[in-house]
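Some notes on the structure that comes next.
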Amino acid sequence: MSARLDHLGLGFVAILIVAAILVPLLSLVVSPDSAFYLPPYLVQLLGKYLCYAILAVALDLVWGYCGILSLGHGAFFALGGYAMGMYLMRQIGTRGVYANPILPDFMVFLNWKELPVAWWGFNWFPYAMLMVVLVPGLLALAFGWFAFRSRVTGVYLSIITQAMTFALFKEFFRNDFGFGGNNGLTDFKDLLGFSLQAASTKAALFSASAIALILAYAVSRAIIGSKYGKALMAVRDAESRMRFIGYRVENYKLFAFVVSAIIAGIAGALYVPQVGIINPSEFAPANSIEAAIWVAVGGRGTLIGAAIGAIAVNFAKTYFTGAFPEYWLYGLGLLFVLGTLFLPKGLLGLALRGSEPKPREVVSVDAVEEGAEP
Amino acid sequence: MTSSNDCRLAAHDFARGFALRALRALGVLALLAFATTARADAVDDTLAKFLDDKFPQTEAAIGELAAEAPPQAAAILEALGDNRLLIDPADHLVAYKTVAGVLLNAKTGEPVQGLDAAAFKKVRVNNALRSAIEGAMGSLTLANPDPEKRLAAAEDVFRTHDAKALPALQAQLGKESDPRVVAALKLAQASIFATSDSASPQDRLSAIATLKERGDQDAQSLIDGIAQKATDPAVKSAAAAALSAIHTRLALWGVAQNLWYGISASSVLLLAAIGLAITFGVMGVINMAHGEMVMLGAYSTYVVQTLLPPSLQNWSLAFAIPLAFVVAGAVGIAIERLVIRFLYTRPLETLLATWGVSLILQQLVRSLFGANNRLVSNPPFMSGAFEIGGLSITTNRLWIIVLSAVVFIGLQLVLRATPFGLQMRAVTQNRRMAASMGISTARIDMLAFGLGSGVAGIAGVALSQIDNVSPNLGQGYIIDSFMVVVFGGVGNLWGTAFGALLIGLANKLLEPLIGAVQGQIVLLIFIILFIQRRPRGLFALRGRAVEA
């Protein structure tokens, strides 16, 4: 972690603080006729980008600093989103189509008589927030415990994480699973008593997302800056060597993986009230891979690069899918190919180039031992 | 016969002479008088029963028509079922309207002329009558000259097990020569005996034995009914024993059927995964665009079928397989040369770059061929299905199993018996050592990638025969293919074959037990646990080089 990057990080936090204050002001205080007015839909869009940025920071923590390319982080994001969605569902109460005070509409539609156990307690906000953290965290703990203990690394691990999100994708599609089937959860009314339609709620959610992004950055930065973080990066660069020195490599990985999953879950929880829906397509493997490309484009191993990459790519996506829908997939595909080929350090790496002594190229010891050509 | 007909017609003319409604009664009287003098043949009596238009009489008439089987019986019964059978009680006339709307005399089959259509009314039928009509039609076709029709009729009787068909059935059984029809007739007779309480216990017991031999779902439900309703203890216990025998038999066939589905799924998985195993084995990179190579192979088949003249359509696959191999292989080589070559030290990023390639290829195909499914037809030798015992086997899936076996053996030969295969295995085992021995690893990488992609193209030809050809075709198989490779390990095609077989079978055998999705999840958890024991797959290469 270079000093230059830390300076950039401070600037990044400063911009986010300014945004967290300015955006609500521009949306709520400035008159709609003014050139500086931010309409609510734009606030919502920016808030969505920030949630993606949080997810990207989470992914960068494990990929950039621990060498775990998770292609299943979308699953943690979606699980956090579902936990929040369940709370919002329970808040609808009698305002649903079937006006059932307890059961969400889709359960009435499926002719269910009782609330499934998994849904108990979700009408209580603190419990729902606990689940936002616990469910992705526990899944990551269980998954990582098995995967890291058995020394599943590299490409194998990526494939297994992809299979994990794919399995959840299929499971959540089932109506019987009890989370709304392929329609997912939607038609939310209010959050903590504030209407989700109100411009003020949208602005508040934006600020909350900005603060969450700052916290995600701060936590990740603190982890990386600590002695533990140094060991983590050593695991990334020479796992076998670390193991032979006597480090419990799997514990280092597991901790980073679980923290990352929790951050991703929080991102999902903030995302759902802003977009107004959560459905199984959030588990689609393609989403998780897209998150990886945000990190790669922004610059992995930099945290702020990941966040910038997420915002930049999604901005481009919004623009291109509107202007040239036919060509967006070509653009995204080329971004994957050209980004990995020509921007190994991402946009941030490009910006930082020349400002510091060129670091010695580190080739993973594992790669050498596996016979890859350096 | 003819004279009485003439007389009848004369009577009609006579009746028509008194056109006034008030005089109708006189006409009927005249006709009745005539009928008593004419020789009353059986068909007349039968038809007369329709005139009452009462359900019991109509039912009796249906039974008699089936038993006597006069030539026009089928037409009359069909008309009755369709509400086209008309009566004119006043003129004592039964007629039916053909589908084309022509009014025909039921007895003679000749057009009815000069009579007011309004004078006729429809013979009413209810559901009980309709099933009686179906049964009667069944027994009528029992006597059909065409043995296929007779066979179908016997099957019909077996399904309805209508006791009214028994006389016709037994009559036919006496003169039947075709052994298949005899067997079907005996089964039908057994079904009637078995379900009829009036049949003698001996008949019923032998009937149950016959049904037990048939041993399928239909027989099971029949015997199930007997076991529940029969009062005779001997019959009841025989039925129960037969039922459990059939249960076992059906369960065994069910398992066999699932095994077949599993083997079929495995063969598809093997085709899709084996190319992936080669590229992963040699280069240590996973090609996320592998599914798109499969998709390109399927579209090659589509293009071949569109371009070939009709005379060559039967041979389309003979053209499609090499073309798919070449197209997918060429695209694979292009990907290796343009993208993957630069990323060998960064295997994780290869995932992302090849994913990007897959997005581009999907969108390219969507732009060229449209987003909709393309229709690829089965050549005649690959369509249809046949049965072995209780197994139903579709021909296209059988051929895909053959194809995957051929591809597997062919690849083994390439790997074991050619210099290229030797070099490829050397690079897989230890890249640096192989390079030191003078093997051009870059060339081997390129060719191996081409080979793996080409095999994926062949998989696409196979998939085009059983699945929709759409730009997303490859996506549906790619994750399972990854699992096969992760499970089977690299560097040994037997591992891939074993992995494909296990995952395919487990998927299909778990499906009836816990559902398809849960089956996949259980399998996934199993694989995660499995690689605890063997992190490099089941058939991992041994040696210093591969242990990280």
Options B:LEU323, B:LEU271; residue that is open to solvent by 30 Å² or more (accessible area, probe 1.4 Å) and modelled with pLDDT of 90 or more: B:LEU323
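For A:ASP105, are the conditions met, namely being open to solvent by 50 Å² or more (accessible area, probe 1.4 Å) and acidic (Asp, Glu)?
Details: open to solvent by 50 Å² or more (accessible area, probe 1.4 Å): no; acidic (Asp, Glu): yes.
Considered against the rule, which asks whether it is open to solvent by 50 Å² or more (accessible area, probe 1.4 Å) and acidic (Asp, Glu), A:ASP105 comes out as no.
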Mind listing just one residue for me: the one in segment B:389-422 that is under 24 Å from B:ASN378 (Cβ atoms) and among the aromatic types (Phe, Trp, Tyr) and, of those, least open to solvent (accessible area, probe 1.4 Å)? B:PHE408
Output yes when any residue across segment B:125-142 is open to solvent by less than 30 Å² (accessible area, probe 1.4 Å), among the hydroxyl-bearing types (Ser, Thr, Tyr) and either at pLDDT 75 or above or on the phi < 0 side of the Ramachandran plot (or both), and no when none is. yes
Of all residues in segment B:512-529, count the ones that are open to solvent by 30 Å² or more (accessible area, probe 1.4 Å), closer than 29 Å to A:ALA140 by Cβ and touching a residue at least 12 places away in the same chain (Cβ under 8 Å). 3
Pairs needed: first member in segment A:217-243, open to solvent by 40 Å² or more (accessible area, probe 1.4 Å); second member anywhere, of a type in the set (A, V, I, L, M, F, W, C); C-beta distance under 6 Å; at least 6 residues apart or different chains. A:ARG236/A:CYS66; A:ASP237/A:VAL362; A:ARG241/A:VAL365; A:ARG243/A:VAL249
In the set B:ILE62, B:ILE87, which member is open to solvent by less than 10 Å² (accessible area, probe 1.4 Å) and within 19 Å of B:ALA168 (Cα to Cα)? B:ILE62
Are any residues in segment A:300-340 buried (at least 17 other Cβ atoms within 10 Å of the Cβ), within 11 Å of another protein chain (Cβ to nearest Cβ) and assigned to a helix (DSSP H, G or I), and if so, which ones? A:TRP328, A:LEU329, A:TYR330, A:GLY331, A:LEU332, A:GLY333, A:LEU335, A:PHE336, A:VAL337, A:GLY339, A:THR340
Name the single residue that is nearest to the other protein chains (Cβ to nearest Cβ) among those in segment A:46-72 being over 12 Å from A:SER260 (Cα atoms) and either assigned to a helix (DSSP H, G or I) or among the polar types (S, T, N, Q) (or both). A:TYR52
Of all residues in segment B:150-208, how many are touching a Gly at 6+ places or on another chain (Cβ under 6 Å), open to solvent by 10 Å² or more (accessible area, probe 1.4 Å) and not hydroxyl-bearing (Ser, Thr, Tyr)? 3
Tell me which residues, restricted to segment A:190-202, are over 15 Å from A:PRO104 (Cβ atoms) and crowded, with 16+ Cβ neighbours inside 10 Å. A:LEU191, A:LEU196, A:ALA199, A:THR201, A:LYS202
For A:GLU290, are the conditions met, namely being open to solvent by 10 Å² or more (accessible area, probe 1.4 Å) and more than 10 Å from chain B (Cβ to nearest Cβ)? no
Sort out which residues of segment A:263-287 are open to solvent by 10 Å² or more (accessible area, probe 1.4 Å) and more than 19 Å from A:ALA208 (Cβ to Cβ), and write them in order of number. A:ASN279, A:SER281, A:GLU282, A:ALA284, A:PRO285, A:ALA286, A:ASN287
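Does B:ARG416 satisfy the criteria of being in a helix (DSSP H, G or I) and within 14 Å of chain A (Cβ to nearest Cβ)? First the steps, then the outcome.
Working: in a helix (DSSP H, G or I): yes; within 14 Å of chain A (Cβ to nearest Cβ): no.
So B:ARG416 does not fit the description; no.
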Please find, within segment B:235-267, the residue that is farthest from B:MET446 (Cα to Cα) out of those that are surrounded by 24 or more Cβ atoms within 10 Å (Cβ to Cβ) and of a type outside the set (Ser, Thr, Tyr). B:ALA238
Qualifying residues in segment A:171-189 (those that are touching a residue at least 12 places away in the same chain (Cβ under 8 Å) and open to solvent by 20 Å² or more (accessible area, probe 1.4 Å)) - the one farthest from the other protein chains (Cβ to nearest Cβ): A:LYS189
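Hey, any hits in segment A:110-119 for a residue that's more than 10 Å from every other protein chain (Cβ to nearest Cβ), at positive phi, open to solvent by 30 Å² or more (accessible area, probe 1.4 Å) and at pLDDT 80 or above?
Pass one, segment A:110-119, residues more than 10 Å from every other protein chain (Cβ to nearest Cβ): A:110-119.
Next, only the ones that are at positive phi stay: A:111.
Still in the list and also open to solvent by 30 Å² or more (accessible area, probe 1.4 Å): A:111.
From what's left, at pLDDT 80 or above: A:111.
Scanning segment A:110-119 turns up at least one residue that is more than 10 Å from every other protein chain (Cβ to nearest Cβ), at positive phi, open to solvent by 30 Å² or more (accessible area, probe 1.4 Å) and at pLDDT 80 or above.
It is to be established whether one or more residues within segment A:29-37 are in contact (Cβ under 8 Å) with a residue 40 or more places away in the chain and either in contact with a Phe, Trp or Tyr (Cβ under 7 Å, 6 or more places away or on another chain) or surrounded by fewer than 19 Cβ atoms within 10 Å (Cβ to Cβ) (or both).
Quick first cut of segment A:29-37, residues in contact (Cβ under 8 Å) with a residue 40 or more places away in the chain only: none.
No, segment A:29-37 contains no residue that is in contact (Cβ under 8 Å) with a residue 40 or more places away in the chain and either in contact with a Phe, Trp or Tyr (Cβ under 7 Å, 6 or more places away or on another chain) or surrounded by fewer than 19 Cβ atoms within 10 Å (Cβ to Cβ) (or both).
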Quickly run through segment B:336-349 and pick out the residues that are more than 12 Å from chain A (Cβ to nearest Cβ) and either crowded, with 21+ Cβ neighbours inside 10 Å or modelled with pLDDT of 95 or more (or both). B:GLU336
Subset of segment A:140-167 [crowded, with 18+ Cβ neighbours inside 10 Å and more than 12 Å from chain B (Cβ to nearest Cβ)]: A:ALA140
Test for B:SER367: is it buried (at least 18 other Cβ atoms within 10 Å of the Cβ), at the interface with another protein chain (Cβ under 8 Å from one of its Cβ atoms) and closer than 17 Å to B:SER470 by Cβ: no
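Which one of these is away from every other protein chain (no Cβ under 12 Å) and within 20 Å of B:ALA448 (Cβ to Cβ): B:ILE333, B:ILE400, B:ILE393, B:ILE388? Give the derivation first.
Details: B:ILE400 fails: within 20 Å of B:ALA448 (Cβ to Cβ); B:ILE393 fails: within 20 Å of B:ALA448 (Cβ to Cβ); B:ILE388 fails: within 20 Å of B:ALA448 (Cβ to Cβ).
Residue meeting the stated conditions: B:ILE333.
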Let me spell it out: the conditions are (1) open to solvent by 40 Å² or more (accessible area, probe 1.4 Å); (2) in contact (Cβ under 8 Å) with a residue 24 or more places away in the chain; (3) among the polar types (S, T, N, Q), and B:SER383 meets all of them except one. Which number is the exception? (2)
Out of B:LEU270, B:LEU252, sole residue that is within 18 Å of B:PHE487 (Cα to Cα) and more than 14 Å from chain A (Cβ to nearest Cβ): B:LEU270
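The values are calculated or read from the model by the stated rules, or taken from the named source; none is laboratory data. Just so it is clear, the structure is predicted and the values come from calculations on it, not from any experiment. Here Cβ is always computed from backbone atoms with ideal geometry, including for glycine, and neighbour counts include all displayed protein chains. Remember, those area values only see protein heavy atoms, side chains included, never the ligands or the DNA or RNA. Shrake-Rupley method; radii C 1.70, N 1.55, O 1.52, S 1.80 Å.
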